[in-house]
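To keep things clear, I will list the structure first and then write my remarks on it.
The values are calculated or read from the model by the stated rules, or taken from the named source; none is laboratory data. Nothing here was measured: the structure is a model prediction, and the numbers come from that model. Backbone-built Cβ (ideal geometry, glycine too); neighbour counts: all protein chains shown.
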Amino acid sequence: MRSLRVNKAVTLHLGAIGVLFALQFVLPDYHHVNLARVMVLAGFAMAYNISFGYTGLLSLGHAMFFAAGLYAAGLMARFAGVGAEGGLILGVIAGLAMAVAVGLLALRTTGVSFMIVTLMFAQAAFLTIFYFGEYTRGDEGFIIPSGLRTLFGFSLVEPATRYLVALSLFALCVAVSHGIARSSVGRVLAAIRENEERTRMLGYNVFLYKLAALAISGAMSGAAGAAYGFLFGYVGATFASIQYSIFPLLWVLMGGAATVLGPFAGTLLMFYLVDISSAYTSANMLIVGLALIGLILFFPKGILGTIRERAAPWLP
């Protein structure tokens, strides 16, 4: 029975990646670039899901991990001529280092205190970007030169290459999330989420497990940030603001916390809610809020979370 559930989950995830691969050949240009953007942001949402959905760490500071990867890659490209290969590695390292540094301090708190501490760190990182505005260009941001936006000789300016790289990052994030969800480590993280004290009494080092979850989440966020910079050519302080700490929380809640594909479903839904409603009103976040209220009423655990609870318990 367990192997059957695993096979179903693997088939679902491979099928989703296959559908996304096939869509690049039929989508019009506008939706082609939008879906590439959604896949990168969904990788960021999946990173958040590891700390929040699987471990129960409600953070309001994940924008600093995304921005760490974005600026590590972007600044090295701008001032040192580093290409996408080195930029992506630097983004992962920057996100990982930032998460470990913050985690060593913030994880000494729990609950609301953890949320506030991570928010404070994120705001400090946001203000630091403005303090060094001579290099970061603050809100204005800067463009990564097209000549540096190449990966192993392939130009990321080309729509097809950009889409495939975004899909590759998305597939890697799916694999990492699924691996954690099905591993013994994932079960310990879920135990910490449900009852931290009991997990500690069973002999597990709760602090190290939470730090590991935050480190993995930070590394994935940094990878998503670096990829975003090179795929779309822009680095700006907006991505370090509080809204980019709230967005992944909303994406995860809408799609389903502690589900592998839930963050993608939530990111896709919210992205197009904002995109479509923007054509009719400037109050697009009001539309998102109403949609979130509707989801809470009819899908209280998010789209895939509620489907798993009611009809498909094998969903990871």
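Things worth noting here:
- The one condition from (1) modelled with pLDDT of 95 or more; (2) in a loop (DSSP other than H, G, I, E, B) that Ala279 does not meet is (1).
- Segment 292-305 - residue that is buried (at least 16 other Cβ atoms within 10 Å of the Cβ) and in a helix (DSSP H, G or I) and, of those, farthest from the chain's Cα centre (by Cα): Leu295
- Taking the criterion of being crowded, with 23+ Cβ neighbours inside 10 Å and either closer than 28 Å to Glu140 by Cβ or acidic (Asp, Glu) (or both), the residues of segment 250-269 that qualify are Trp251, Thr267.
- Segments classed as helices (runs of 4 or more DSSP H), wholly inside segment 143-212, with at least 1 members that are free of Cβ contacts under 8 Å to residues at least 12 places away in the same chain and among the β-branched types (Val, Ile, Thr): 159-182, 196-201
- Residue within segment 43-59 that is surrounded by fewer than 24 Cβ atoms within 10 Å (Cβ to Cβ) and under 24 Å from Leu156 (Cα atoms) present: no
- Within segment 22-32, being surrounded by 14 or more Cβ atoms within 10 Å (Cβ to Cβ) and either within 30 Å of Pro313 (Cα to Cα) or without any contact (Cβ under 8 Å) to a residue 40 or more places away in the chain (or both) holds for Leu23, Leu27, His31.
- Number of the exception - Gln123 against (1) surrounded by fewer than 19 Cβ atoms within 10 Å (Cβ to Cβ); (2) more than 15 Å from Tyr244 (Cβ to Cβ): (2)
- Helices (runs of 4 or more DSSP H) (entirely within segment 10-114) containing at least 2 residues that are within 16 Å of the chain's Cα centre (by Cα), within 20 Å of Gly255 (Cα to Cα) and of a type in the set (Gly, Ala, Ser): 29-49
- Residue that is loosely packed, with under 13 Cβ neighbours inside 10 Å and touching a Leu at 6+ places or on another chain (Cβ under 7 Å), where the choices are Gly111, Gly81: Gly81
- Within segment 259-271, the set of residues being under 13 Å from the mean Cα position of the chain (by Cα) and assigned to a loop (DSSP other than H, G, I, E, B) comprises Val260, Leu261.
- Residue count for segment 213-249, restricted to those that are buried (at least 19 other Cβ atoms within 10 Å of the Cβ), within 22 Å of Leu119 (Cβ to Cβ) and hydrophobic (A, V, I, L, M, F, W, C): 12
- Apart from one condition, Arg2 fits all of (1) modelled with pLDDT of 95 or more; (2) farther than 20 Å from Ser168 by Cα; (3) out of contact with any His (no Cβ under 9 Å at 6 or more places or on another chain); the exception is (1).
- Single match in Gly138, Gly147 (criterion: in contact with a Phe, Trp or Tyr (Cβ under 8 Å, 6 or more places away or on another chain) and among the small types (Gly, Ala, Ser)): Gly138
- Conditions (1) among the aromatic types (Phe, Trp, Tyr); (2) free of Cβ contacts under 8 Å to residues at least 24 places away in the same chain; (3) in a helix (DSSP H, G or I); number of the one not met by Trp251: (2)
- Qualifying position, being under 16 Å from Ser51 (Cβ atoms) and modelled with pLDDT of 95 or more, among Leu211, Leu268, Leu231: Leu211
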